[in-house]
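Laboratory data are not the source of any read-out in this text; all were calculated from the coordinates shown. The structure presented is a predicted model; accordingly, all values stated were derived computationally and were not measured. Positions of Cβ are generated from backbone atoms using ideal geometry, with glycine treated the same way; all protein chains shown enter the neighbour counts.
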């Protein structure tokens with residue numbers, strides 16, 4: 001008997017889950033999640049035509065599953081809340097944010113990742129602080145905020161045989177709640193997104209684009225492999241031999257290429273692609 005492996009499409013229930021994204025920003029002018037995304041996406045979203053990759057959509061389903069567990073098993077008698085949206089008026093705008101999990105005194109945000117996190121990502125820290133401010137504004141005591149990661153690639157076997165490997169798929173980072181910092185981040189991000197929506201978006205930063213550094217390869221003409229790859233042009237020029245050439249290798253903008261959804265209409269990204277195609 002011959003067994004063929006693989007599926008050519010999503011199973012129907014998953015396809016329906018992806019197509020029927022239930023995300024609801026409520027009455028927000030902006031949400032915390034939107035404010036912490038690149039403001040240029042706010043401008044591009046006014047043009048429409050978002051294209052989401054199958055990978056990004058599938059990962060969204062995994063995240064929804066984790067949040068469903070929190071919502072369905074919250075202990076309300078102990079004062080816990082899950083998937084609750086709060087609002088605050090800031091600079092004349094209604095800002096909303098959904099709290100993944102509230103435990104008395106603590107605001108928790110949950111993320112699904114593809115690897116073990118050794119520290120909280122800056123944007124995740126900011127999201128937790130900003131959601132903490134919304135919860136506090138709506139009458140909930142907040143002492144700390146936490147960013148919790150669920151590593152979907154975690155290996156039980158590795159946890160048994162490797163003494164340095166994490167013992168669970170969960171990693172948490174806890175921070176003192178800092179309302180002054182949260183207010184500062186609200187003011188900064190709101191200004192960026194209001195300008196973007198008015199047609200004045202700033203270019204995305206390298207961090208927002210998840211841009212890998214440019215490198216410079218030392219190669220012999222016609223060779224398929226580099227003899228050395230340097231981190232700077234100056235280093236490459238200092239090590240270059242007479243029979244070698246320097247091949248510039250622009251760093252890939254991972255977020256733009258795989259996750260943005262608007263890169264096909266983004267002038268910044270398309271300009272980068274055109275420039276790369278012109279380079280020898």
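Some points to look at:
- Degrees separating the helix 179-197 axis from the principal Cα axis of the chain, which is the longest one: 60 degrees
- Helical mean residue ellipticity (222 nm; -39500 (n - 2.57) per DSSP H run of 4+; nearest 500) of the chain: -11000 deg cm²/dmol
- Cα gyration tensor category, rounded, prolate or oblate, for the range 214-280 with a/c compared to 1.5: prolate
- Mean separation of Cα contacts under 8 Å, 6 or more apart, over the residue count of the chain: relative contact order %: 17 percent
- Antiparallel beta bridges, as assigned by DSSP with both residues in the chain, represent about 70 percent of the total such bridges.
- Point-to-point label distance, residue 103-residue 206, nm (Cα→Cβ direction, 7 Å offset): 3.9 nm
- C-alpha long axis of helix 54-72 to longest principal axis of the chain, angle in °: 20 degrees
- On Cα atoms only, tilt of 267-278 relative to the major axis of the chain in degrees: 20 degrees
- When you count the other C-beta atoms within 10 angstrom of each residue and take the mean per peptide, 126-138, 106-118, 64-76 line up highest first as 126-138, 106-118, 64-76.
- Legend: translational diffusion of the range 23-197 by Stokes-Einstein, Rh = Kirkwood radius over C-alpha pairs, 20 °C, 1.002 mPa s; D = 123 µm²/s.
- Here the residues 30, 165, ranked from fewest to most Cβ neighbours within 10 Å of their Cβ, fall in the order 165, 30.
- Contact order relative to length of the range 211-266, as percent, for alpha carbon pairs under 8 angstrom and 6 or more apart: 40 percent
- Where both bridge residues fall in the range 75-178, DSSP classifies roughly 70% of the beta bridges as antiparallel.
- Estimated inter-spin distance, residue 64 and residue 271, nm [label 7 Å along Cα→Cβ]: 3.7 nm
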